[in-house]
Amino acid sequence: MPDQPQAPSLIQRRMTLSRGLAYPIAAIAVSALNLMFQIVPLVESDGTAGWRWIVVVLWAVLLAGSIVMLVRARGAIVAFEREHGRDAGRQKPVGHP
């Protein structure tokens, strides 16, 4: 009988799900920071710079998309924990009980 592909272990699945949180968190930080840096000059120009509005809307859309990605990644972790238990796949540090 040929070797069947094995399903990833709970540890590997938790690591993958946890890694899925890193990009949205970083994207939220970058998007929020850039949005702030674009809103300040827009306010200082009394909103007359039309191209700044486009940039502000772009960063706001990217921020919203990043938040949606974070909510989905967190939802995947919650579903994993609901299916396998809260501590499923968690590793304890070496030398600690």
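The values are calculated or read from the model by the stated rules, or taken from the named source; none is laboratory data. Just so you know, these numbers come straight off a predicted model, no measurement behind them. Only protein heavy atoms, including side chains, enter the accessible area calculation; ligands, DNA and RNA are left aside. Shrake-Rupley method; radii C 1.70, N 1.55, O 1.52, S 1.80 Å.
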Accessible area of MET15 in the full protein assembly, 1.4 Å probe (Å², nearest 10): 100
With everything on Cα atoms, drop me the angle between helix 10-19 and the longest principal axis of the chain, reported from 0 to 90° to the nearest 10. 10
Restricting to Cα pairs below 8 Å that are 6+ residues apart, what does the relative contact order work out to for the chain? Please round to a whole percent. 44
Whole-number accessible area per residue in Å² for the chain, which is evaluated in the context of all protein chains at 1.4 Å: 76
How large is the accessible surface of ILE28 in square angstrom, using a 1.4 angstrom probe and rounding to the nearest 10? 40
Theoretical gain in end-to-end length, ALA60 to GLN6 [0.36 nm per residue, Cα-Cα removed]: 15.2 nm
Tally up the carbon and sulfur contribution to the accessible surface of the chain as a whole percent, 1.4 Å probe, everything protein left in place. 66
